[in-house]
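Data block below; observations after.
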Amino acid sequence: MSPRRSTRATILPGTLDLLILRTLVFGPLHGHGIGKHIRQTSEDVLQVEHGSLYPALQRLERDGLITSKWADDRRGREMKFYRLTPEGRKQLTVEESRWKKIARAMARMLQPGGVTR
């Protein structure tokens, strides 16, 4: 019997920051909401564990790419909401450009027969 394989993908190193920054383009969100957005938008392929998400949020905030503020959510619970900074928007552009370049290279590598010169 073969082992059961997960349909979830491992998030590649360096892509979590991009996913968080891209999510925050749509407005402020709390940590759980960020993880939920990534999961739903990727159709459950990408799932960010809390043990990875919150250290990444702290690092992005320390680097000035996001800011946070405590506020009540729709249910009246106080939560920490994260917002993209102008510097974060600039970094998002850089990260998106880099990722698109990698994705194009991977697509070429996965073509039947590879790339010919």
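Taken together, the values in this text are just the output of simple stated rules run on the coordinates, not laboratory data. All figures in this text were calculated on a predicted structure; none of them were measured in a lab. A quick note on method: Cβ atoms are made from the backbone with ideal geometry, for glycine too, and the neighbour counts reach across all protein chains shown.
Listing for the model above:
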read-out	value
For the chain, alpha-carbon Rg and Dmax in angstrom	17.0, 61
Max mean-square fluctuation residue, GNM over the chain, Cα-Cα springs under 10 Å, options Asp72, Asp44, Asp17	Asp72
For the chain: relative contact order, % (alpha-carbon pairs under 8 angstrom, 6 or more apart)	25
For Gln47, distant residues with modelled amide H under 5 Å away	Ala9
Loop-located GluC sites (Glu not before Pro) in the range 30-98, at most 13 other Cβ atoms within 10 Å (DSSP)	Glu43, Glu49
Qualifying lysines (Cα of each under 16 Å from Cα of Lys36; at least 8 residues distant if same chain)	Lys80
Between 0 and 90°, nearest 10: helix 31-41 axis offset from the chain longest Cα axis	30
Most positive-pole-ward Cα, Tyr82, Leu57, Ile102, against dipole of the chain from beta carbon charges	Ile102
For Thr85, residues with placed amide H under 5 Å, excluding near neighbours	Ile66, Thr67
Charge dipole (debye, nearest 20) of the chain; +1 at Cβ of Lys and Arg, -1 at Cβ of Asp and Glu	380
